[in-house]
Each structure stands twice: as C-alpha cells, then as structure tokens.
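Reading through the structure tokens given below for one structure.
Nothing in this text is a laboratory measurement; each read-out follows from the coordinates by a stated rule. Computed from a predicted model, the values in this text were never measured in an experiment. No Cβ is skipped: glycine too gets one built from the backbone with ideal geometry, and neighbour counts run over all protein chains shown.
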Amino acid sequence: MADAVDTAVAAEIPAAPSKGRGRLIVVVAAALALLTGLGGAGWFFFLRPHGAPAPAHVEEEVRATLSLGSLVVNMKGEARRYLRASVSLGLPSASKLKEIEELKPQLLDLCIAVLSSTEAETLLSAKGREEVKEALVQRIRKEPGLKDVVRVYFTEFVVQ
C-alpha cells in the first residue's frame, strides 16, 4: 500500500526542471542584456548627433516699417514684361527710421537693380519672391551698410 501512495504522490508532483535548461535561460538573458548594452553604446558614440544643433537663421522681430514707395521696372527676359512693386523695409526699432529715410534714393536704386536683373519666372513663384526678398536684405546690409534692416516686404506686386 505504501507503494501505491508513493506512486500517487509522485504522479501529482511535477518533475523539477533540469539544471541545464535553467542555465540556458540565464545565458540567453545575459546575452540579450549584453547586446542591448552594446547597441546603446554604439548609438551613443557613433550615431547620436554631437554638439548643439546649428542655429537656424534667427530673425529679429519687426517693430517698425519704412515704405520706400512704388517702383516700376522692366523684367529680365525675352518678352516685354513689367513689374510694379511697392517695397517696405522691416526694422527692429523705430529709432533708425530718420537715418534710413535719408538713404531712400539709394535703397530704391538698389531695389530697381535687383528686381530688374531677376528673371520673370523667378518673380512669379512664391519661393522665387522669397529668395529675392532675402537677396534684397543681404544687399541692403552690405552696400549701404544698414545692418538694422531685418526684412523686406512687397506691399504691392503686379506683373504685366
């Protein structure tokens, strides 16, 4: 009878896992942890962006504008086309308005030179107009030396 009880108890108790299988699980877990650590270290040293990102063109806030008035230019190209544009300059403060107002003839001449040397197709696209505005800002900062000009606005823009 004791044999019958021992076999019944043995049937109810599951067999313990073998030690070899337990070690295999530990080794696989350690290998995964090692690979994860190596992958993280590789990203940190080789793929991560280093240093601070290059600052984008930081534009000062426009607090005052100066209207240069309206101008009409012949557009560059084969066809006889004309551009009528009103140009205003964006400034960070109103303190330099008087000084810049005195340079208005030079600024108008510079605007005429840039606009008349630009292809009609360039001026007809929104991206092209933005490029021309940026070119005007750069030329105004360079030639008359007005570092205070932040932006150029076309308040009127008609192509015929």
Would you mind ranking 107, 47 by Cβ crowding within 10 Å, fewest neighbours first? 47, 107
Given the stretch 64-159, what percent of its DSSP beta bridges are antiparallel, to the nearest 5? 95 percent
A chain fully extended from residue 67 to residue 96 at 0.36 nm per residue, minus the present Cα-Cα distance, gains in nm 9.1 nm
With a/c under 1.5 counting as rounded, go ahead and sort the stretch 53-156 into rounded, prolate or oblate using the C-alpha gyration tensor (a ≥ b ≥ c being the square roots of the eigenvalues; past the cut-off, prolate if a/b is larger than b/c, else oblate). oblate
Counting only the backbone N, which residues of the stretch 113-153 are under 13 Å from the spot 7 Å out from the Cα of residue 86 toward its beta-carbon? 153
Between residue 27 and residue 44, with labels modelled 7 Å along Cα→Cβ, what's the label distance in nm to one decimal, could you check? 2.8 nm
With a cut-off of 8 Å between alpha carbons and a minimum separation of six or more residues, what is the relative contact order of the stretch 64-159 in percent? 38 percent
Could you list 153, 82 so that the one with the fewest beta carbons within 10 Å of its beta carbon is first and the one with the most is last? 82, 153
